[in-house]
Amino acid sequence: LDLRDPRGLAVVHDMVKDADVVVASHKPGDAEKLHVDYETLSKIKPSLVYAQITGYGLDDERAGYDAVIQAESGFQYMNGEAHPSPPTKMPVALIDLLAAHQIKEGILASLWKRERDGGHTGNFVSVSLMAAGVSALANQATGYLRTNSVPQRIGSDHPSICPYGTVFECRDGRLITLAIGSDKQFASLCTVLGHPAIAIDMKFQTNP
């Protein structure tokens with residue numbers, strides 16, 4: 001539908017009368033120009049849940065792109081092999097997917113609240129790609145706050161657990177990855193590998 005055409009806009013406004021949710025991905029200000037913003041549509045359907053995804057928030061008119069926000073939020077800087085390898089973009093549109101999951105949670109919470117209020121209360125929820133990306137860095141942020149060190153590229157290794165995520169090449173050339181999450185699991189690994197004495201070596205008894 002061409003929202004700049006009164007006929008197209010009329011179709012949208014008519015559809016909203018029977019809608020529970022509207023999901024918008026306009027840059028801030030565009031929905032208002034097109035008369036499909038929350039204030040306009042909620043007058044047509046007061047119980048409407050309106051969910052808006054932006055690049056950088058409701059006060060920033062810039063469009064958001066997954067690859068750019070991977071770089072700006074820090075994902076790209078931390079992804080890849082150790083220096084001097086360059087930062088690496090993830091092969092999936094993770095920022096887009098994170099934002100989608102967060103907006104979904106806002107929608108579901110709004111629908112639940114509406115049911116609790118007798119089905120009459122609408123709501124406006126918004127998520128930005130940047131906020132979704134930064135909020136997903138909780139582990140790295142915790143590490144920074146505890147150690148005052150900026151997370152670096154370490155390939156598939158884990159910054160505080162070993163071996164966890166590291167890729168090893170076996171004698172037959174095949175690759176495996178290990179996720180050893182406790183000292184007990186490490187002792188079991190050493191037994192499986194035929195070197196149980198490593199697990200009781202003072203240097204390796206505990207993960208630290």
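Observations
- Taking the C-alpha atoms of the chain, convex hull volume expressed per residue in Å³: 202 Å³
- Under 5 Å between amide hydrogens, built in the peptide plane, is the criterion, and for Gly165 it picks out Leu178, Ala179, Ile180 among residues at least 5 positions away or on other chains.
- Proximity of backbone amide H atoms, modeled 1.01 Å from N, is registered between Ser126 and Gln52 at under 5 Å, excluding neighbours fewer than 5 places apart on the same chain.
- Evaluating kT/(6 pi eta Rh) at 20 °C and 1.002 mPa s, with the Kirkwood radius of the range 88-130 over Cα pairs in the Stokes-Einstein relation, gives 181 µm² s⁻¹.
- Phe204 sits with roughly 90 Å² accessible to a 1.4 Å probe, with DNA, RNA and ligands left out of the calculation.
- Taking the chain and dividing mean pair separation by its residue count, relative contact order in percent (alpha carbons under 8 Å, at least six apart): 17 percent
- Using heavy atoms of the protein chains and a probe of 1.4 Å, the accessible area assigned to His195 is about 110 Å².
- Which listed pairs, of Lys104/Lys184; Lys33/Lys104; Lys89/Lys113; Lys17/Lys104, have C-alpha distances above 31 Å, in listed order: Lys104/Lys184; Lys89/Lys113
- Here the 3J(HN,Hα) profile of the range 69-79, calculated from phi with Karplus coefficients 6.51, -1.76 and 1.60 at θ = phi - 60°, is 6, 4, 6, 5, 7, x, 4, 5, 4, 8, 9 Hz, Gly and Pro shown as x.
- Short-range pairs are left out: with C-alpha atoms under 8 Å and at least six residues apart, the relative contact order of the range 92-172 is 23 percent.
- Ile53 accessible area, 1.4 Å probe, all protein chains in place, Å² to nearest 10: 30 Å²
- Phi-derived couplings, Karplus 6.51 cos²θ - 1.76 cosθ + 1.60 at θ = phi - 60°, listed residue by residue for the range 27-42: 5, x, x, 5, 4, 5, 4, 8, 6, 10, 7, 4, 4, 5, 6, 6 Hz, with x used for Gly and Pro.
- The phi-based Karplus calculation (6.51 cos²θ - 1.76 cosθ + 1.60; θ = phi - 60°) puts the 3J(HN,Hα) values of the range 171-182 at 4, 7, x, 7, 9, 9, 10, 10, 10, 9, x, 8 Hz, whole numbers, x for Gly and Pro.
- Cα centroid separation - the range 3-39 against the range 141-195, whole Å: 50 Å
- In the range 63-173, a dipole from Cβ-located charges (positive for Lys and Arg, negative for Asp and Glu) runs towards its positive end, and of Ser73, His83, Phe124 it is Phe124 whose Cα lies farthest in that direction.
- Where Cys162, Cys190, Cys170 fall by accessible area, highest first, once all protein chains stay in place (1.4 Å): Cys162, Cys170, Cys190
The values are calculated or read from the model by the stated rules, or taken from the named source; none is laboratory data. Note that the structure is a prediction, hence the values are computed from the model and not measured. So basically every Cβ, Gly included, is an ideal-geometry build from the backbone, and we count neighbours across all protein chains shown. Ligands, DNA and RNA are excluded from the accessible area calculation, which covers all protein heavy atoms including side chains. Shrake-Rupley method; radii C 1.70, N 1.55, O 1.52, S 1.80 Å.
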